[in-house]
């Protein structure tokens, strides 16, 4: 009996081990399959310019939607409990280099979707017979959609603004400590960037430039540049010599000019939508609702 009991226990333990091993193998197989399919999808997306553009557009749309959702519904909680770093330290490097047309298209899609959802809710619960509700509701829905479009563009603009401020601060400190006519011109270039009303020295916007300078040695700055240089489309390792450093600064100045021009263009469009356009629909809809007979 004792022998049979021991034999049974051994068989049971082996069965448990086999089941566990089987589960582990299944999980590994599932993970490998997911990786395999993900690589396939990425390969398909990267084959044509249209699919690459679609992937970029969807990514911009997702970032807009996520950030707006966070700011509109959870902004107070996040700021009150300090669940995120200050906005001056956060930006998405992929979004910074986004195509202007894709940003506008994603914002318009988000705005149009919002308008259509509101119009659907109005028709669903009020019908189409009561024009005193339907007409003002549609006009106000269009206005709200345009506000969301404007806010969506602001999400992307803010990422560009923070990136500009961050890299301009790095470039200023990097160039200021050096001697020579070339470096003096680079310092003047960075100071001109700070004349822009949206670009400021960064470290959470809470410290002066002198304090930031005191914390950063030359080695730390070069390490930071080499660690993050790919986000500004610079793929050459920056060496500790003058020619390598000057090549990097030439590239980053061109990059900053390009992002600043894109930022300003999107900012102008956002201001036009957010300030002038939506108020016509909102005001007209509100007036019709106020003067309509009950």
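A few remarks follow.
- Residue check for residue 128: touching a helix residue (DSSP H, G or I) at 6+ places or on another chain (Cβ under 7 Å), assigned to a helix (DSSP H, G or I) and more than 20 Å from residue 272 (Cβ to Cβ): no
- Restricting segment 184-205 to residues that are touching a residue at least 60 places away in the same chain (Cβ under 8 Å) and not in a loop (DSSP other than H, G, I, E, B), the residue that is nearest to residue 246 (Cα to Cα): 186
- All conditions but one from (1) in a helix (DSSP H, G or I); (2) surrounded by fewer than 16 Cβ atoms within 10 Å (Cβ to Cβ); (3) at pLDDT 70 or above apply to residue 239; the one that does not is (1).
- Beta carbons closer than 7 Å, at least 6 apart along the sequence or on distinct chains, pair a first residue in segment 134-158 that is free of Cβ contacts under 8 Å to residues at least 24 places away in the same chain with a second that is in a helix (DSSP H, G or I) for 134/122; 134/126.
- Among all positions in segment 269-282, there is at least one residue which is loosely packed, with under 13 Cβ neighbours inside 10 Å, assigned by TED's automatic domain parsing to the domain that holds residue 108 and either in a loop (DSSP other than H, G, I, E, B) or modelled with pLDDT of 80 or more (or both).
The values are calculated or read from the model by the stated rules, or taken from the named source; none is laboratory data. Remember, it's a predicted structure, so these values are computed and weren't measured experimentally. Every residue, glycine as well, gets a Cβ built from its backbone with ideal geometry; the counts of neighbours run over all protein chains shown.
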